[in-house]
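Enquirer: Can you read through this structure? Questions will come right after.
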Amino acid sequence: MTLNDRLRTIAVALAAALLFSAAALAGAPQQKTQAPGYYRWMLGAIEITALSDGTFPMETDKLLTNIKPQELDAALARSFLKNPVEASVNGFLINTGSKLVLVDTGAGTLFGPTVGRLLANLKASGYEAPQVDEIYITHMHGDHVGGLSADGKRVFPNAIVRAAQPEADFWLSKAHMDAAPQDRKDGYQGAMNMLNPYVSAGKFKPFTGDIELVPGVRAMAAPGHTPGHTLYVVDSEGQKLVLWGDLMHVAAAQFPDPGVTIRFDTDSSMAAAQRKKVFADAAEHGFWVAGAHLSFPGIGHLRTEGSGYAFVPVNYGAVH
Ligand SMILES: [Zn+2]
């Protein structure tokens, strides 16, 4: 090898090294998308799948009531949060083995682009909308019923939709909508737009009282947040899960102090009383709980802590 050849070899090797390190510096492009939003777990013999509808920014300083601004700041800081708090919207799919039941449907297109993903996550989790047999609505706010219908058509063509009679009486009444203040009318219209396709198809069946809806799943009235707000209790092989719906909204503030309320409540003092009762029951008996606005997947346990409560999220694991 001549000196020139040797120099050329070194130059080529250097160039290759430089190119390689430049590529390494550039790195792989960041994906900037969240993982598919489902989480699956067994409650005894019943399969539960938490389905994420997405998240939305919640301005807790404008929405929470019965808490002083400096108390709220301190509560958020203790949870390493600040306003606006990114709030989860969760639905829950229950496969009892004979029935596929969906509890709440997310916001659909009612709440903007950061939510409305429940259907996509249902599919990602291995199910299709026509497989859903029953849909249980905790209450008829848009982030819970918005996924029921799209363009006036039922998204779940084979499902019977069920909700408490007082909830249906409140939200599906044109007289109530006409009497409501202007800024509240949209809520009634949204509920009607979502429910009416099921009503006209004979697929909406409101219920009265704390009844069993399918074996293993029963309703438990918890009015306050709305007049017919309902919890759903799932039982299997001695294990119990209580689906809370909107019993609470902001974990950082309402676990330490269940007396903190939110402007969306129809009756705030009744909502706070329900929250106190249900929190105390969950902490005393140690059963599973799940919340529509707890950080996804929103499943865990409650224990007492000081004068309030602390939430312990489910430990991630394989499905057996
Ligand atoms: Zn809600």
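The values are calculated or read from the model by the stated rules, or taken from the named source; none is laboratory data. All of these numbers come straight from a predicted model, not from anything done at the bench. No Cβ is skipped: glycine too gets one built from the backbone with ideal geometry, and neighbour counts run over all protein chains shown. SASA here: full protein model, heavy atoms, side chains in, ligands and nucleic acids out. Shrake-Rupley method; radii C 1.70, N 1.55, O 1.52, S 1.80 Å.
Enquirer: What tally of residues in region 68-111 results from selecting those that are of a type in the set (F, W, Y) and more than 16 Å from the ligand (Cβ to nearest atom)?
Expert: Filtering region 68-111 for residues of a type in the set (F, W, Y) gives 80, 92, 111.
Keeping just the survivors that are more than 16 Å from the ligand (Cβ to nearest atom) gives 80.
Looking only at that region, the number is 1.
Enquirer: Continuing with the same structure: How many of the residues in region 195-219 are hydrophobic (A, V, I, L, M, F, W, C) and either more than 15 Å from P166 (Cβ to Cβ) or touching a Pro at 6+ places or on another chain (Cβ under 8 Å) (or both)?
Expert: 5
Enquirer: Restricting to region 266-299, count the residues that are away from the ligand (no atom under 16 Å from the Cβ), part of a loop (DSSP other than H, G, I, E, B) and touching a helix residue (DSSP H, G or I) at 6+ places or on another chain (Cβ under 9 Å).
Expert: Of the residues in that region, 1 qualify.
Enquirer: Of all residues being crowded, with 20+ Cβ neighbours inside 10 Å and polar (S, T, N, Q) in region 243-270, which is nearest to V85 (Cα to Cα)? Just the residue, please.
Expert: Q254
Enquirer: Another one. Restricting to region 112-124, give me the number of residues that are open to solvent by 10 Å² or more (accessible area, probe 1.4 Å) and more than 15 Å from the ligand (Cβ to nearest atom).
Expert: Qualifying residue count, region 112-124: 7.
Enquirer: Right, next: Among the residues of region 137-160, write down those that are within 16 Å of the ligand (Cβ to nearest atom) and either small (G, A, S) or under 12 Å from L195 (Cα atoms) (or both).
Expert: I137, H139, M140, H141, G142, H144, V145, G146, G147, L148
Enquirer: Among all residue pairs at least 6 apart or on different chains, which show Cβ distances below 8 Å where the first residue, located in region 51-73, is under 30 Å from G126 (Cβ atoms) and assigned to a strand (DSSP E or B) and the second is open to solvent by 40 Å² or more (accessible area, probe 1.4 Å) and β-branched (V, I, T)?
Expert: Qualifying pairs under 8 Å: G54/T114; T55/T114; F56/T114.
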